[in-house]
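The values are calculated or read from the model by the stated rules, or taken from the named source; none is laboratory data. No experiment lies behind these values; they were computed from the predicted model shown. Glycine gets a Cβ as well: all are built from the backbone with ideal geometry, and neighbour counts include every protein chain shown.
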Amino acid sequence: MPEEELCVTGMADLDNLLGGGIPVGSTVLVVGSSGSGKTTLCMQYLVNGAQQGERGVFFTITEPLFKLTKNMEGFSFYDKKLIESGMVNLIDLRIISERLGLDTEKYSVEDAAALLDVLKDIADELNVKRLAIDSITALCYRLQSKEMIRDFIFKLGSSLAAMNCTTFLTSEVPPRKFQYSQHGIEEFISDGIIFLGDIERKGDLIRTFQLIKMRGMAHSRTKSAMIISSNNGIELAPLLKS
Ligand SMILES: Nc1ncnc2c1ncn2[C@@H]1O[C@H](COP(=O)(O)OP(=O)(O)OP(=O)(O)O)[C@@H](O)[C@H]1O
Ligand SMILES: [Mg+2]
């Protein structure tokens, strides 16, 4: 069997759990409650890719660009030059929606198709190999049925896979609940699920990281402790059981 091509996230601990990286073209759902590290994980993934020569695009819906960049500037991994050189492209999805004249509250089937086309065109024109949407939850609120959500993510994932682009979609869930999405659909269409959780211990909240699924490969499902630091961004460590 030919060996599958892998997208190396550049976060060594995560790549180790995966046995090298994520199968190229996968759609990975990054699930977590507020403050769990979803945006940071996606940005580090894109920046690491750009440093390996893979262009990326980050579509934000939850944070305006000026706040996003201000927050990310606190991390050593965040390299402004990669933004300026176009290796990492930051795009406010709400501005795209406005320019397309889409309804701000609810998308019709035609609106969703127009948005999908624009996302695909941007990915194609920029020749990106890594893409993130933060968050797919906010986007899905504008789609009016489970069928539309399924259709949107499926078509987006298939088109990007055809471009050999690996996609991260963030999914917002309530804290300390075993739930992967708000609509109960996103996880079934995604090829992979990364779950960012937390455990309360002696009054402290310990961040946790767990790979729930990654289609097409054997991988660790062990829950790790996750550390976010300005120097190293996201790192994993064994979760001490006691
Ligand atoms: N420079 C930094 N150094 C260390 N930790 C940081 C730094 N900046 C942010 N953090 C930590 O990361 C957390 C936020 O992470 P992030 O924004 O990636 O979470 P999120 O899951 O995207 O949250 P939300 O759902 O609210 O968008 C902060 O609450 C803080 O604990
Ligand atoms: Mg966020």
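Can you work out which of the residues in segment 121-144 that are in contact with a helix residue (DSSP H, G or I) (Cβ under 9 Å, 6 or more places away or on another chain), over 20 Å from ILE22 (Cβ atoms) and not β-branched (Val, Ile, Thr) is nearest to ligand 2 (Cβ to nearest atom)? Filtering segment 121-144 for residues that are in contact with a helix residue (DSSP H, G or I) (Cβ under 9 Å, 6 or more places away or on another chain), over 20 Å from ILE22 (Cβ atoms) and not β-branched (Val, Ile, Thr), the one nearest to ligand 2 (Cβ to nearest atom) comes out as ALA138. Taken over segment 1-45, the criterion of being polar (S, T, N, Q), within 16 Å of ligand 1 (Cβ to nearest atom) and in contact (Cβ under 8 Å) with a residue 60 or more places away in the chain is satisfied by SER33, SER34, SER36, THR39, THR40, GLN44.
A count restricted to segment 40-79 and to residues that are within 21 Å of ILE95 (Cβ to Cβ), part of a helix (DSSP H, G or I) and either in contact with a Ser or Thr (Cβ under 8 Å, 6 or more places away or on another chain) or within 11 Å of ligand 2 (Cβ to nearest atom) (or both) stands at 6. When restricted to residues that are of a type in the set (A, V, I, L, M) and in contact (Cβ under 8 Å) with a residue 40 or more places away in the chain, segment 103-134 contains 10. Going by the conditions given, is ARG94 charged (D, E, K, R) and within 16 Å of ligand 2 (Cβ to nearest atom)? Taking the combined requirement at face value, the residue satisfies it. Restricting to segment 168-207, name every residue that is among the hydroxyl-bearing types (Ser, Thr, Tyr) and either touching a Pro at 6+ places or on another chain (Cβ under 6 Å) or not in a strand (DSSP E or B) (or both). Answer for segment 168-207, where residues must be among the hydroxyl-bearing types (Ser, Thr, Tyr) and either touching a Pro at 6+ places or on another chain (Cβ under 6 Å) or not in a strand (DSSP E or B) (or both): TYR180, SER181, SER190. Residue count for segment 46-70 satisfying the condition of being acidic (Asp, Glu) and either without any contact (Cβ under 8 Å) to a residue 12 or more places away in the chain or touching a Cys at 6+ places or on another chain (Cβ under 9 Å) (or both): 1.
Among the candidates SER158, SER220, SER242, single out the residue that is at pLDDT 95 or above and not charged (D, E, K, R). Of the residues listed, the single one that is at pLDDT 95 or above and not charged (D, E, K, R) is SER158. Set side by side, the residues LEU65, LEU93, LEU100 differ, and just one is aliphatic (A, V, I, L, M), surrounded by fewer than 17 Cβ atoms within 10 Å (Cβ to Cβ) and within 16 Å of ligand 1 (Cβ to nearest atom), which is LEU65.
Here LEU160, LEU240 are screened, and the one residue that is outside any strand (DSSP E or B) and either in contact with a strand residue (DSSP E or B) (Cβ under 7 Å, 6 or more places away or on another chain) or within 15 Å of ligand 1 (Cβ to nearest atom) (or both) is LEU160.
Out of curiosity, is GLY49 of a type in the set (Gly, Ala, Ser), over 30 Å from THR104 (Cα atoms) and within 18 Å of the chain's Cα centre (by Cα)? Answer is yes for this residue. The set of residues from segment 1-39 being near ligand 2 (Cβ under 10 Å from one of its atoms) and touching a Phe, Trp or Tyr at 6+ places or on another chain (Cβ under 8 Å) comprises VAL30, GLY32. Screening segment 27-39 for residues that are more than 11 Å from the chain's Cα centre (by Cα) and among the hydroxyl-bearing types (Ser, Thr, Tyr) and picking the one that is surrounded by the most Cβ atoms within 10 Å (Cβ to Cβ) gives SER36.
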